[in-house]
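Novice: Okay, here's the structure, questions in a sec.
Please treat every number below as a calculation from the coordinates, not as lab data. Because the structure is predicted, anything quoted here is derived from the model rather than measured. Heads up, the Cβs are rebuilt from the backbone with ideal geometry, glycines too, and the neighbour counts pull from every protein chain shown.
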Amino acid sequence: MSKIREIFDSEKIEKLLEETKNPTENQIMQVLSKAEKMKGLSLEESAVLINADPKYTENMFKSAWKIKKEIYGERLVLFAPLYVSNYCVNDCEYCGFHIRNKMKRKKLSLDEVEQQTRVLINMGHKRLLLEFGEHPGETPIDYVIDVIKRIYSVKEGKGDIRRVNVNIAATSVEDYKKLKDVGIGTYQLFQETYHRPTYEKLHKGPKADYERQLFAHDRAFEAGIDDIGLGVLYGLYDWRYDTLALISHGQYLDKKYGVGPHTFSVPRLQPAETVKDKWPHTVSEKEILKIIAILRLSTPYTGMIISTRETPSVRKKAFEIGISQTSAASCTSPGGYGRQKDLKQFTLSDERSVDEVIEGILDEGLLPSFCTACYRLGRTGQDFMDIAKPGEIHNFCRPNAILTLKEYLEDYASPSVKEKGEAIITHYTNHIPSEDVREKTKERLIRIEEGERDLYF
Ligand code: SF4
Ligand code: SF4
């Protein structure tokens, strides 16, 4: 079998989508009841949900919420993207950083990286996702490594960045080894669209090499990186096809390495400078929510990320049906935290501050979290999956969310968020099932009030 077909079989996907057209109520309910057992779904079962009539979407949302609560609990992890450079040699039709755009280009110096890191720490962030365009001359791997080292070295007040996730262009095993050695969290790389003819039509430059992109995660595994993020840019091709291909890619990684994807990302196309605004496969708000629910049902243990590309109302619903991580108060231009707003990659739909995002999450009764514990304790790859797959990770997520929220309330919150946050902390601390962990959490909350930081399970 060709390597591409091991990852996903295009003909099979098209056939499954055709064969499962107009599924009966009985078929849909059977799939939902299997999904609630949290062992995942086959491609065929996922296709049944994809083809389900919109009147069953609420049923899907309910099952997805049950699974999310069971596996991850009520926590929602926050991070910020840091755009380090907008130099790019590629011409991706959908991206404002493409080489055709005669915009001003900027890459941060290491001192600017440090300055941006300080701004982000002062907003309350503990996790960053680094974004670079692809430019071997301006942003070679050694520059990327220096940037990560500088970020980890910064201490600002009582805060620091504890996990750096990275999104760089597909590269070699050798380069991935360097990323592994410097201590990255997740390596994220999106296929954008799995549909090869569309992919090849939309890309020019080194990224146009479809196989370089599709096999990159295998090279990262080979280099020892075991937290991998997959994603699709929704709107480039038919969402039904791309969602099944994404699920299939996740199943392939799980089967081959015993470690499924750490995260799925579900960005939708957004308007950007010099990018056409009409696309034939636009995904509606209702459809993106359905996609999130289907991914949660089909691959229950994989974290799911939504960005500030989406409006607060879509994000709110998405948190309830499957999203476990979200960006907050993002800026998509290099050096943009504080200034430089004109160099951005695309337009954002949620421009609220971290404090406002946290307040919204608290108002939903959910638990905002800045936790980075798994990565710090070496609970990555197979070790992480061994806890996440049986649905036990929430036993760590809840107390760690409580402790990191407490840090935020002590160091950065407005008075109203502090009041709401303390109430949520009391509520969820009382709901920690293990008496031992509950008591340790209470004791650590006092230590945080007394000035200690970075306590975790
Ligand atoms: Fe460059 Fe990435 Fe934008 Fe493509 S999507 S133009 S590779 S920054
Ligand atoms: Fe993520 Fe692990 Fe923290 Fe849970 S305990 S929020 S899985 S780092």
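Novice: Between F79 and residues 5 or more places away or on another chain, which pairs have amide H atoms under 5 Å apart, with H built 1.01 Å from N, and which residues are they?
Specialist: Hits under the 5 Å cutoff: T326, S327, A328.
Novice: I want to make sure I understand the PRE zone here: with the label point 7 angstrom from the Cα of E222 toward its beta carbon, which residues in the range 166-207 have backbone N atoms less than 12 Å away?
Specialist: Counting only backbone N, you get 171-177.
Novice: Take the alpha-carbon centre of the range 131-190, take the same for the range 64-85, and report the distance between them in whole Å.
Specialist: Here the answer is 21 Å between Cα centres.
Novice: Right, another one. Given a cut-off of under 8 Å on Cα pairs at least six residues apart, what relative contact order in percent is computed for the range 392-449?
Specialist: On the way: 34 pairs, mean separation 25.6, N = 58.
Relative contact order comes out at 44 percent.
Novice: I'd like the distance separating the alpha-carbon centroids of the range 365-421 and the range 91-110, in whole Å.
Specialist: The distance from the Cα centre of the range 365-421 to that of the range 91-110 comes to 35 Å.
Novice: Still on this structure, I have one more. Just round it to a whole percent: the fraction of Cα-Cα distances in the range 415-457 exceeding 17 Å. Walk me through the intermediate numbers first.
Specialist: On the way: 338 of 903 pairs.
Value for the range 415-457: 37 percent of Cα pairs lie more than 17 Å apart.
Novice: Additional query: For the chain, can you list the cysteines whose C-beta has no other cysteine C-beta under 4.7 Å from it?
Specialist: When partners are defined as cysteine Cβ atoms under 4.7 Å apart, the chain leaves C88, C331, C371, C374, C397 without one.
Novice: Moving to a separate point now. What do you get for Rg/Rh of the range 69-386 when both radii come from the Cα atoms and Rh is the Kirkwood radius? Before the final figure, lay out the partial values.
Specialist: Values: Rg = 18.0 Å, Rh = 19.6 Å.
Looking at the range 69-386, the ratio lands at 0.92.
Novice: Apply the Debye scattering formula to the range 105-151, with a single equal point scatterer on each alpha-carbon and no solvent, then give log10 I(q)/I(0) at q = 0.17, 0.33 Å⁻¹.
Specialist: -0.50, -1.36
Novice: Oh, and also: What does the helix-only formula give at 222 nm for the chain: each DSSP H stretch with n ≥ 4 adding -39500 (n - 2.57), the total divided by the residues, and the result rounded to the nearest 500 deg cm²/dmol?
Specialist: Working: 20 runs with 220 residues, N = 457.
Calculated from helices alone, the mean residue ellipticity at 222 nm is -14500 deg cm²/dmol.
Novice: DSSP loop (so not H, G, I, E, B), at most 12 other Cβ within 10 Å: list which GluC sites (Glu not before Pro) in the range 274-317 pass both filters.
Specialist: Details: sites: E285, E287, E310; in loops: E310.
The qualifying sites: there are none.
Novice: Follow-up question, since we're still on this one. Give the long-range amide H neighbours of M304: residues separated by 5 or more places, or on another chain, with amide H under 5 Å away, using H modelled in the peptide plane at 1.01 Å from N.
Specialist: HN-HN under 5 Å from M304: F264, S324, Q325.
Novice: To the nearest 0.05, what FRET efficiency results for R5 and V173 with a Förster distance of 30 Å applied to their C-beta separation? Could the numbers behind the result be given before it?
Specialist: Values: r = 23 Å, r/R0 = 0.75.
About 0.85, to the nearest 0.05.
Novice: What is the gain in length, in nm to one decimal, between Q115 and I145 on full extension, counting 0.36 nm per residue of separation less the C-alpha to C-alpha distance? If you can, show how the numbers build up before the last one.
Specialist: Numbers: separation 30, 0.36 × 30 = 10.80 nm, distance 1.72 nm.
Length difference between fully extended and current span is 9.1 nm.
Novice: Along the positive direction of the dipole of the chain (beta-carbon charges: Lys, Arg +1; Asp, Glu -1; about the Cα centre), which of Q191, Q30, T263 reaches farthest?
Specialist: Comparing the listed Cα positions along the dipole, Q191 ranks first.
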